[in-house]
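The values are calculated or read from the model by the stated rules, or taken from the named source; none is laboratory data. What you are looking at is a predicted structure, and each value in this text was computed from that prediction instead of being measured. FYI the Cβ positions are ideal-geometry reconstructions off the backbone, even for glycines, and counts take in every protein chain you see. The area values use the complete protein model at the heavy-atom level, side chains included, leaving out ligands, DNA and RNA. Shrake-Rupley method; radii C 1.70, N 1.55, O 1.52, S 1.80 Å.
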Amino acid sequence: MLKKLISFILFQVFFAAIVGPFLLFWGPFDTIKAIAVGSIVTSRHPQVASIFLSQAEIDSILNKNEELQAAMPTGADVERKKVVSADGIVIEDIRGNNGTSFKGKVMLIKDPSRVIVANTNAIGESGERVSDMVKEFNAVAGINAGGFNDPNGKGNGGFPQGITMSQGKVVYNDSGNSRQMIIGMDDKGKLVIDNLSLSEMQARGIRDAVSFFPQLVKDGKGLVKGDGGWGVAPRTGIGQKADGTIIFVVIDGRQLQSLGATLKDLQKVFLDYGAVTAANLDGGSSTTMVYNGQVINKPADIFGERYVPTTFVVKP
């Protein structure tokens with residue numbers, strides 16, 4: 001009897017593993033399909049979607065009409081609990097419950113001049129863990145920052161996308177003087193999110209920057225339409241309040257205790273914390289927050305911290 005039960009369970013698991021993807025991608029559940037495709041295409045392995053769908057079908061799903069987007073959750077209700085308040089830094093646990101279930105961390109840094117970009121020592125070759133870069137830059141905290149090119153799918157994190165600037169120096173640039181979506185700090189401690197060329201960045205006094213997208217909040221108002229079209233996944237973001245306070249957000253995902261968040265959910269967190277400007281940073285397996293030498297969130301990768309090219313760190 002026990003052998004039959006085990007055989008039945010194994011058959012069900014095997015059957016679900018084989019049939020599940022076909023039902024997901026080819027089934028009638030448009031909303032679930034849109035979330036799944038958005039999550040996969042913006043993940044570490046976007047090529048998985050092309051196994052089941054043509055590029056035209058993927059593009060069609062990603063550009064779903066606004067009726068489908070309007071049916072998505074408008075942003076999770078966020079519960080907050082303070083866990084750290086020391087040395088000008090406040091850290092709070094957050095939990096979202098409104099169609100999307102997630103857990104995460106918010107770090108508030110009162111003095112924006114303490115926030116800089118750190119980069120891997122082997123930039124152009126290989127990345128490093130967030131915790132390593134925090135230590136190397138003698139920082140007390142940090143989060144992963146910009147995206148990176150990964151042509152072979154190995155995830156070594158050595159090749160940042162766009163322009164990377166650290167403490168006034170250009171440390172990597174694969175775009176020449178073409179405009180990129182820049183997320184960075186200027187010499188007055190203001191978070192700048194804009195499409196800028198290198199020469200425009202220098203003219204505006206940008207001292208630290210990475211390239212990623214999209215912008216979530218501008219002038220205190222949310223910019224995300226529908227759920228954002230990127231599905232549910234781990235998220236990292238940076239924002240700033242009117243008084244200059246910098247807001248780091250990480251949301252865990254791809255776990256039973258925290259499925260992840262949509263871009264609308266991430267935007268809602270920033271608006272709840274009073275952000276006047278905010279942007280999405282590289283998420284997925286990269287999502288990591290470090291404080292006092294310890295990773296304080298739960299990265300999605302089973303091997304722990306992912307190797308990335310850049311971080312936003314907080315100086316002592």
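How many of the residues making up the stretch 99-111 are open to solvent by 20 Å² or more (accessible area, probe 1.4 Å) and either farther than 25 Å from GLY253 by Cβ or part of a strand (DSSP E or B) (or both)? Let's see the steps before the verdict.
Applying the first criterion (open to solvent by 20 Å² or more (accessible area, probe 1.4 Å)) to the stretch 99-111 yields 99, 101, 103, 105, 108, 110-111.
In the following step, the residues that additionally are either farther than 25 Å from GLY253 by Cβ or part of a strand (DSSP E or B) (or both) were identified as 101, 103, 105, 108, 110-111.
Result for the stretch 99-111: 6.
Give the residues of the stretch 187-235 that are open to solvent by less than 10 Å² (accessible area, probe 1.4 Å) and assigned to a helix (DSSP H, G or I), sorted by residue number.
Within the stretch 187-235, MET201 is the sole residue that qualifies.
What is the residue count in the stretch 128-143 for residues that are within 18 Å of ARG306 (Cβ to Cβ), open to solvent by 10 Å² or more (accessible area, probe 1.4 Å) and in contact (Cβ under 8 Å) with a residue 60 or more places away in the chain?
Number satisfying all stated conditions: 4.
Out of curiosity, is ASN138 within 27 Å of ILE109 (Cβ to Cβ) and polar (S, T, N, Q)? Outline the logic, then answer.
Numbers: within 27 Å of ILE109 (Cβ to Cβ): yes; polar (S, T, N, Q): yes.
Here the answer is yes, as ASN138 does meet what is asked.
Do any strands (runs of 3 or more DSSP E) lying entirely in the stretch 239-316 carry at least 2 residues that are farther than 26 Å from LYS154 by Cα and open to solvent by 10 Å² or more (accessible area, probe 1.4 Å), and which ones are they?
Numbers: elements: 246-251, 275-281, 289-291, 310-314.
It comes to 275-281.
I'm trying to understand the selection: among the residues of the stretch 160-186, which are under 30 Å from ASP243 (Cβ atoms), within 21 Å of the chain's Cα centre (by Cα) and in a strand (DSSP E or B)?
Selection gives ILE163, THR164, MET165, SER166, GLN180, MET181, ILE182, ILE183, GLY184, MET185.
Out of all the residues in the stretch 188-210, which are in contact (Cβ under 8 Å) with a residue 60 or more places away in the chain and either basic (Lys, Arg) or under 13 Å from ILE116 (Cα atoms) (or both)? Step through it out loud before you land on a result.
Narrowing the stretch 188-210 to residues in contact (Cβ under 8 Å) with a residue 60 or more places away in the chain: 189-191, 193, 207-210.
Across the stretch 188-210, the qualifying residues are GLY189, LYS190, LEU191, ARG207, ASP208, ALA209, VAL210.
Looking at the stretch 198-206, can you tell me whether even one residue there is modelled with pLDDT of 95 or more and either within 16 Å of THR311 (Cβ to Cβ) or in contact with a helix residue (DSSP H, G or I) (Cβ under 9 Å, 6 or more places away or on another chain) (or both)?
Looking only at the stretch 198-206, we keep the residues that are modelled with pLDDT of 95 or more, and these are 198-206.
Going one step further and asking which of them are either within 16 Å of THR311 (Cβ to Cβ) or in contact with a helix residue (DSSP H, G or I) (Cβ under 9 Å, 6 or more places away or on another chain) (or both), we end up with 206.
Yes, the stretch 198-206 contains a residue that is modelled with pLDDT of 95 or more and either within 16 Å of THR311 (Cβ to Cβ) or in contact with a helix residue (DSSP H, G or I) (Cβ under 9 Å, 6 or more places away or on another chain) (or both).
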